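So the structure is just underneath, and the comments pick up after that.
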Amino acid sequence: MPHNLTRDEARERARLLAVSSYDVELDLTVGDETFLSSTTATFTCGEPGASTFVELAAPAVREIVLNGRPLDPAEVFDGWRIALPGLAATNELRVVAECAYSRTGEGLHRFVDPVDGAVYLYTQFETYDAHRMYTCFDQPDLKAVFTLAVTAPADWKIISNSVVTGTAAATGPADGATRTSFAPTPVMSTYITALVAGPYHEVRDHHDGIDLGIYCRGSLAEFLDPDEIFQITKQGFDFYHRVFDYRYPFGKYDQLFVPEFNAGAMENAGCVTFLEDYVFRAKVTEARRERRAETILHEMAHMWFGDLVTMRWWDDLWLNESFATYVSVLAQVTSTRFTNGWTTFANAEKGWAYRQDQLSSTHPIVADAPDMDAVRTNFDGITYAKGASVLKQLVAWVGQEEFLAGLRSYFRRYEYGNTSLRDLLVELEKASGRDLAPWSADWLETTGANTLRPRFSTDSSGLFTSFEVVQEPASAPATASRTLRPHRVAIGLYDRGADGRLVRRERVELDVVGASTEVAKLIGVRQPDLVLLNDDDLTYAKVRLDERSLGTLIDSIGTISESLPRTLCWAAAWDMTRDAELAARDYVRLVLSGVDAEDDIGVVQSLVAKAALTVDSYGDPANRPAALRELTARAEQLMRSAEPGSDLQLVFATAFAQTEQPEQIARVKAIFEGADVVDGLALDTELRWTLLIQLVARGVYGDAEIDAELARDNTATGEKRAATARSARPTAEAKAAAWAAVMESDTLSNHLAVATMNGFWISDQLELTRPYVDRFFNEIGGIWQTRTFDSAQTITQMLFPSGVIEEETVRRVDAYLAEQEPVPALRRALMEGRDGLVRALAARAKDAAAG
């Protein structure tokens, strides 16, 4: 594990230093394990004679020279930091080191394409990994100008934050290679600097004075769809230029789809990297394309939020992520074909936020981040999704134009600088005329989600004689804030029309404050079939339905005309299921009865996934076989009746493949082998792997079929799918091999490790995997001592025995936490796993009682 930079250390270093520039020279031709990194940094010190440190992760350091004075690496370098004693007012530091390539997606990652043997490199530095490639003061508020030169094989493309200024034949040991030089960058933070290198396929375009590039591996070039990516990119720039009134600040704009990327994307200035799963090798749903578009727009928004104006320290990480999430959806719905973006936001992002906010690890949006370990764990549903949800609520309160005016002022005032929350609030207050300190205290500095319920009475003719919105404090976790927040809320009244569809008859918008808020406008109004609080999804709160509305929802949810209110009703039912207020079997029946009427493919995918999760985790185990059979039978029926070649057909085919019922398994096998041809269902590479993995898990196929499929798809993705299939085999030997590959060795790349873990915990293989509960707790502490942070966190989350939903598993977590001293990030992950087990046990008890 790396040394852990603290906030206090960063503050002291920022008080002491101002960094001017870095000149970085890399030689990527010296071998497969390491590369040569030479850095010259210039900086000033406000207290001459003081000492500080600079970060570098390297197996070997050849030279350290401070102001012309050589320093002995053996004395000043500990593997992660270089001590810098006796600073002058103006300083120059030169460090030459042998740095290591990564296989974990941190630092400078190296990948060999199994298709053609080509080598591809890319960097990932957020939050604290720039010093894996070059020597630097690795914190966001020590910005500088960066000048890079790279020596690499002559047939490689070299891409960084700025434009290439020249290429020349390399001399000396790198004879035959090419040295590429880049222009100095604008002032920026270390974590958004970047390098991508290799024989990447390149497509270029131009828009509004900006040179645009798209890159992917050569073996993926046939699948790249640059026209759609460029279209979204151009629409995004037009939107942001219009609403921010500030030109894109980093010159050219390259987007690179890179292998084995840990996240969805990274906002390196002018050199944005993406998970290459966004290069679609097979048919994907429109929802998947919508998600790619949102990611493109999210990263583009970071060029202003995060790159141009950067948080001073990671406490204000939300200033990057929440704003980028909110404005990217706003850009989608106003400037692209994905006009249902707020429906997806309500279904996906807010669902993530509500789940995260009910865990024992929940934290305020403005999080306390005393060190980098705390920072790394806060890339979560609070920082991204709750923050964006709260911003959406703020916009509803202060007005969208006032909100955007505040942002425009913020960018101009703090361009190329660093800020804190208060700096932003000042600009928003000026633009809106509102005092935002109380809003900040209620929304950004507290935890938990309030619950809103309607409470009303009617007379004999069905007219409301009273109506109030009741607000409850957060019920989970026990440590959540008891704050009753101000909410801007819309209340929708829905009736069944002559055609049987539910249509909104009336809408009332108001501020909900305190424990009870009277809605005078509804007195004398006829009670509708459905009362929907938080219609239009203006605020961040859990919503409950009155008895009549719940009955309407159960009978007629699919008849609601608009996608957003329909999604809000689905979300309320799902939340009630997770809170053990609605029996799991009733939720599954609700999905089965209403999913065929749902026309938003993203919502359909989500509902199918949630129904499967409900059967496995929230339902009475005694009812699981019958519930799963009912679910997969309905999926098969909808697959066969769906429009041939449609997204719906693909979603239901994938759901049907999860069957454990022998007759249905035989039909899945027939589809895979081509004996059962479903009209329009393309048995492409991805669907073949999906079906094969499920058939392997059921014991129908084994090693021979996995090897044969890998021979058909001998690619990086094929290797990952094969790893999942091998791990999913229903044998003790397969589980032992998978466990050993991940836990006893670190030779697997990050993506092959994830793929292996994806196949380990299979719902109907509990007897095979139960012995690994004890092994997990016996071995996980050692993982955190020997692996990188990202690797250890991923292993903990994926191999935690979340599927062994038993009181004994909860006791095992409690015993570990009581007897061991886990590092804070491991403690948090274990507590979150425990929360999930406790929630599932309560839901199972509710479902058993309903049976």
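3J(HN,Hα) along region 23-32: 10, 10, 10, 10, 10, 9, 10, 8, x, 8 Hz, from the Karplus curve 6.51 cos²θ - 1.76 cosθ + 1.60 with θ = phi - 60°, whole Hz, x for Gly and Pro. Provide the FRET efficiency to the nearest 0.05 for the ALA50-ASP8 pair, computing r from the beta carbons and using R0 = 22 Å. The formula returns an efficiency of 0.90 here. When you filter the trypsin sites (Lys or Arg not before Pro) in region 216-251 for DSSP loop state and at most 12 other Cβ atoms inside 10 Å of their Cβ, you are left with ARG247. Here's how it looks for LEU681: its modeled amide H is under 5 Å from those of GLY645, which are all 5 or more places away or on a different chain.
The simple Förster model, with R0 at 60 Å and r as the Cβ-Cβ distance, assigns ARG667 and ALA478 a FRET efficiency of 0.80.
Phi-derived couplings, Karplus 6.51 cos²θ - 1.76 cosθ + 1.60 at θ = phi - 60°, listed residue by residue for region 362-377: 4, 8, x, 4, 7, 8, 7, 10, x, 7, 5, 4, 5, 4, 4, 7 Hz, with x used for Gly and Pro. For VAL164 and HIS207, the difference between the fully extended length at 0.36 nm per residue and the C-alpha to C-alpha distance is 13.6 nm. Taking the Cα atoms only, what angle lies between the long axis of helix 647-656 and the longest principal axis of the chain, rounded to 10 degrees? Its long axis makes an angle of about 80 degrees.
Once the C-beta distance of ASN714 and GLN785 is scaled by a Förster radius of 45 Å, the resulting FRET efficiency is 0.80 to the nearest 0.05. Protein heavy-atom accessible surface, 1.4 Å probe, per residue over region 128-234: 34 Å². Here the peptides 107-114, 144-151 are ranked by packing, the mean other Cβ count within 10 Å, and the order with the highest first is 144-151, 107-114. Report the local net charge at VAL30: Lys and Arg +1, Asp and Glu -1, summed over other residues whose C-beta lies under 15 Å from its C-beta. Residues near VAL30 contribute -3 overall. Entry comment: accessible area of region 377-523 is 40 Å² per residue, from protein heavy atoms only and a probe of 1.4 Å.
Which angle from 0 to 90°, rounded to the nearest 10, does the C-alpha axis of helix 772-786 make with the longest principal axis of the chain? With both axes taken from Cα atoms, the answer is about 30 degrees. Projecting the Cα atoms of THR135, GLY558, THR104 onto the charge dipole of the chain (Cβ charges, centred on the Cα centre) puts GLY558 farthest toward the positive pole.
The modelled label-to-label distance between TYR414 and VAL284, using points 7 Å beyond Cα along the C-beta direction, is 3.3 nm. In terms of packing, defined here as the mean over residues of other Cβ atoms within 10 angstrom, the peptides 722-730, 169-177, 555-563 line up highest first as 722-730, 555-563, 169-177. Beyond a 29 Å Cα-Cα separation, which of these cross-linked pairs lie in this structure: LYS610/LYS720; LYS392/LYS610; LYS669/LYS735; LYS234/LYS610; LYS610/LYS846? Going by Cα-Cα distance, LYS234/LYS610 fall outside the 29 Å limit. Under the simplified labelling scheme, the SER181-GLU75 pair shows an inter-label distance of 3.6 nm, with each label point 7 Å from Cα along Cα→Cβ. Tell me the angle of helix 226-244 to the major Cα principal axis of the chain, expressed in degrees between 0 and 90 and rounded to the nearest ten. Once rounded, one gets 90 degrees. Taking the charge dipole of the chain about its Cα centre, with +1 at Lys and Arg Cβ atoms and -1 at Asp and Glu Cβ atoms, the residue from MET311, VAL508, PRO621 reaching farthest to the positive side is VAL508.
Here is the list for region 704-802: GluC sites (Glu not before Pro) lying in DSSP coil, each with at most 12 other C-beta atoms within 10 angstrom of its C-beta, are GLU744. Our estimate of slack between ALA815 and SER460, defined as 0.36 nm per intervening residue step minus the Cα-Cα distance, is 122.0 nm. If each DSSP helix of 4+ residues adds -39,500 (n - 2.57) and the sum is divided by the residues in the chain, what number results at 222 nm, nearest 500 deg cm²/dmol? Using -39500 (n - 2.57) per qualifying helix, the result is -12500 deg cm²/dmol.
What is region 705-851's relative contact order, in percent, from Cα pairs under 8 angstrom and six or more apart in sequence? Taking the mean separation of contacting Cα pairs over the length of region 705-851, I get 19 percent. Between GLU222 and ASP676, the contour length at 0.36 nm per residue exceeds the Cα-Cα span by 160.5 nm.
Solvent exposure of region 557-623, expressed per residue, is 29 Å² of accessible area, with all protein chains present and a 1.4 angstrom probe.
Restricting the calculation to Cα atoms, the chain yields a radius of gyration followed by a Dmax of 27.7, 95 Å.
Spacing of the modelled spin labels on LEU683 and ARG589, each 7 Å from Cα toward Cβ, amounts to 3.7 nm.
Shown in residue order for region 441-448 are the 3J(HN,Hα) couplings computed by the Karplus curve 6.51 cos²θ - 1.76 cosθ + 1.60 at θ = phi - 60°: 4, 6, 9, 9, 10, 10, 10, x Hz (x for Gly and Pro).
Net charge in the neighbourhood of SER466 (other residues with Cβ under 12 Å of its Cβ; Lys, Arg +1, Asp, Glu -1) is -2. Peptides 736-742, 194-200, 787-793 ranked from most to least packed give 194-200, 787-793, 736-742, packing being the mean of other C-beta atoms within 10 angstrom over each peptide's residues.
Solvent-accessible area assigned to carbon and sulfur over the chain amounts to 50 percent, based on a 1.4 Å probe.
Compactness ratio for region 579-694: Cα radius of gyration over 2.2 N^0.38 Å (N = residue count) comes to 1.04.
The values are calculated or read from the model by the stated rules, or taken from the named source; none is laboratory data. Please read these numbers as outputs of a predicted model, since none were measured by experiment. Cβ: placed from backbone, ideal geometry, glycine included. Neighbour counts: every protein chain shown. Please note that ligands, DNA and RNA were not included when accessible areas were found on the heavy atoms of the full protein model with its side chains. Shrake-Rupley method; radii C 1.70, N 1.55, O 1.52, S 1.80 Å.
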